[in-house]
Amino acid sequence: MMRLTRYFQNLFAAPEFSLAEKLAFSQDHLQRVIANPAGGLFTPLIAPTSAKIATVVDCSGDEQTKALARQSAVLLKNTFRETLTVTLGRIHGALESEYAPSQAEIISCGLHDRRSFGDCADNALEAKLDALVGGLTTLGAPVATQLTRATDALNAWKALYAAALGAKGAVSAPADQKKAAIAALEDQLHYNLHTIAREYPRHEAKADLYFQQHLLEDHPVTPPVTPPAEAPPTFTATPGDAGSKQITFTGSYPAGATTLALYQEAFPGATPELVSRVDAPVTEMVITFDSATSGEVYGFTLRGGNDGGDGPAAGPISQEIP
């Protein structure tokens, strides 16, 4: 008999998980969300997750835990800076679409020199993002979606940068304060799990993209299988009827591959995001891009994979959304 109550249980609160395991799992999960924000859908998860990890670390009296947390926070901060270019590219493209041929709006938001966001020092990035938010706020309703993206990015950066600077000292917090901090982190992970699952119904492969369950389990790590040595020899994209926003992707498995993974690039040079993964012998994926606009062009790549990870990519193939 199916029991709906089990979906309300917080699996991350299981007593067999140690604090070290929860922190390792949480930091890995946060890095995966930063690297794969699903076009900005999951960016709002970054700031609260980072803040709750930092609070747990601050409550710990273990200096080694804090040192490891600082190292992880620096990695998370750097990962965010690498993926920020995708967010800025989306905002820039939306402004061009809304206001072209005028460049005044882009200049007012500081996006005429996007490279400066990547080149500036960490302590200067908040001011640049704050100016971007201010510029978009002035432009008002036509760019409301982009304002949300920029605000989410600003909040995420502030939390990540603060975490990279924090976790200092070796004074342990009272037991009840530490317990409350751990519970808050567990609840945040539970919320993140349901948020991501809601965006990808029936796509169980997404769980492995954002959550590495083995980090919560005490068992020997199985040696990884060597990834496929070659890309799929064939890879095609066939658009559906006009207005359907549907594309059929077909590929074949290279030697050693047991899965095919489809990735999407928002624009040339952007970080590819996983769209779908199928297991052998399935060779076809029919994807409907509900959030895209008909006429937009995206790049797609296909990788063959196995338990050891994905192999080299085939593509990219540029395809217009029908």
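Each value in this text was obtained by applying a stated rule to the coordinates, not by laboratory testing. As the structure is a prediction and not an experimental result, all values here were calculated from the model. Positions of Cβ are generated from backbone atoms using ideal geometry, with glycine treated the same way; all protein chains shown enter the neighbour counts.
When the P(r) of the chain is calculated, the portion above 24 Å amounts to 61% of the C-alpha pairs. With the Kirkwood sum run over all distinct C-alpha pairs, region 89-185 has a hydrodynamic radius of 15.6 Å. Compute the Kirkwood hydrodynamic radius of region 26-137, taking the inverse of the mean of 1/r over all pairs of distinct Cα atoms, and give it in Å to one decimal. Evaluated over region 26-137, this radius sits at 15.6 Å. In order along region 142-152, the Karplus-derived 3J(HN,Hα) couplings, from 6.51 cos²θ - 1.76 cosθ + 1.60 at θ = phi - 60°, round to x, 10, 4, 5, 6, 5, 5, 4, 5, 5, 4 Hz, and Gly and Pro are given as x. Loop exposure criterion: trypsin sites (Lys or Arg not before Pro), DSSP state outside H, G, I, E and B, at most 12 other Cβ atoms within 10 Å. Applied to the chain, the longest stretch between such sites is 4-167. A straight Cα-to-Cα reach below 26 Å connects Lys77 with the lysines Lys22, Lys52, Lys66, Lys128, Lys158, Lys168, Lys178, Lys206, residues fewer than 8 places away in its own chain not being considered.
Using Cα pairs closer than 8 Å and at least 6 residues apart in sequence, work out the relative contact order for the chain, in percent. Relative contact order for the chain comes out at 19 percent. For Lys179, the aspartates and glutamates whose Cα falls under 20 Å of its own Cα, not counting residues fewer than eight places away in the same chain, are Glu16, Glu21, Asp58, Asp62, Glu63, Asp187. Among Pro281, Pro101, Pro142, which one moves the most in a GNM of the chain with springs linking Cα atoms closer than 10 Å? Evaluated over the chain, the most mobile residue of the options is Pro101. Over all other residues within a Cβ to Cβ distance under 15 Å of Leu147, the charged ones net out to -2, with Lys and Arg as +1 and Asp and Glu as -1. Mean residue ellipticity, 222 nm, helices only, the chain: the sum of -39500 (n - 2.57) across DSSP H runs of n ≥ 4, divided by residue count and rounded to 500, is -15500 deg cm²/dmol.
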